[in-house]
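Notes follow the structure.
The values are calculated or read from the model by the stated rules, or taken from the named source; none is laboratory data. Please read all numbers here as calculations on a predicted model, not as lab measurements. Every residue, glycine among them, receives a Cβ derived from its backbone with ideal geometry; neighbour counts consider all protein chains shown. Areas reflect the complete protein model, heavy atoms only, side chains present, ligands, DNA and RNA absent. Shrake-Rupley method; radii C 1.70, N 1.55, O 1.52, S 1.80 Å.
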Amino acid sequence: MTRLPPLLPGTLCLLLIALSGCGRVREIGRAPEMTDPLAGDEFRAMTEVSYATPSFPDEGTSQTGLASLWTTRQNSLISDSRASERGDILTVVIEIDDKAEFQNSSGRTRSASDTAGIPNMMGIPQRLDKILPEGASMDSLAEAKSSSTYKGSGNISRREKLTLRVAATVIGTLANGVLRIQGSQEVRVNNEVRELTVSGFVRPSDIGRRNEIAYDRIAGARISYGGRGTISDAQRPRYGQQIADIILPY
């Protein structure tokens, strides 16, 4: 049985780059495909039999056939419509308006001066002065001066504003009652798909009466807003350029 020769590291790199670009090759000449909503954790959480909504008898219908306010159905006027169990849906309100400015400056100045000499030491300096070149003396054996000056300044200004709303699904409940949520949204305009994903942990008491929760009430929040398509592809550096930016030291 013959063994195939081991692939060189360069060949492996080229193979990985080619495989990563296959998805882009499939989208040439057509709009990017959207992900299947039936393949995510949200759909599985809403359709699992063990977490399905139990069917209660309609206690709000009397023998005369008239409806009553005292019903166990979810659409009752007195029922709590806030998400509380796996498979329930709530709305996440994302309103980010952050502004940060930093400005600092620093300066440093230092100077030093040293002088060394041996005017007297058992008559040795006087004897040496006679044999030293003209103008040289042991009284001023060495003299050194140094100085340095440093000044630096920096300025950072940043502004971020994002206003979005997205429906999220409760995909799990922790032992302490905290809900784990996850939501995604895709919008395709021409050949560009905008993707919004949000996930994190929510306390049931933080969910408002309108079944909404603000993003700053989500612990461990992970919010991503990006896109894929012709515009995003044009703004993304090529794979060769990304590799060169990592490898090249200059």
- Complete set of residues in the stretch 167-208 that are closer than 17 Å to residue 81 by Cα, among the hydroxyl-bearing types (Ser, Thr, Tyr) and under 22 Å from the mean Cα position of the chain (by Cα): 169
- Pairs where the first residue, in the stretch 181-201, is among the charged types (D, E, K, R) and the second is open to solvent by less than 10 Å² (accessible area, probe 1.4 Å), C-beta under 8 Å, 6+ apart: 186/193; 186/196; 188/32; 192/32
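Sort out which residues of the stretch 221-236 are farther than 21 Å from residue 97 by Cβ and either open to solvent by 60 Å² or more (accessible area, probe 1.4 Å) or at pLDDT 90 or above (or both), and write them in order of number.
Initial filter on the stretch 221-236 (farther than 21 Å from residue 97 by Cβ): 227-236.
Of everything in the stretch 221-236, those that are farther than 21 Å from residue 97 by Cβ and either open to solvent by 60 Å² or more (accessible area, probe 1.4 Å) or at pLDDT 90 or above (or both) turn out to be 230, 231, 234, 235, 236.
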- Message: So, in the stretch 209-220, exactly how many residues are surrounded by 10 or more Cβ atoms within 10 Å (Cβ to Cβ) and over 17 Å from the mean Cα position of the chain (by Cα)?
- Response: 6
- Message: What are the pairs with Cβ atoms under 6 angstrom where one residue, in the stretch 154-169, is closer than 18 Å to residue 100 by Cβ and the other, located anywhere, is surrounded by fewer than 10 Cβ atoms within 10 Å (Cβ to Cβ)? Sequence gap at least six, or different chains.
- Response: 154/104; 155/103; 156/102; 157/101; 158/100; 159/99; 160/98; 161/97
- May I ask you to list the residues in the stretch 206-250 that are of a type in the set (Ser, Thr, Tyr) and more than 22 Å from residue 163 (Cβ to Cβ)? 230, 239, 250
- Task: Tally the residues that are within 17 Å of residue 42 (Cβ to Cβ) and either touching a Phe, Trp or Tyr at 6+ places or on another chain (Cβ under 8 Å) or assigned to a strand (DSSP E or B) (or both), restricting the search to the stretch 190-226.
- Result: 14
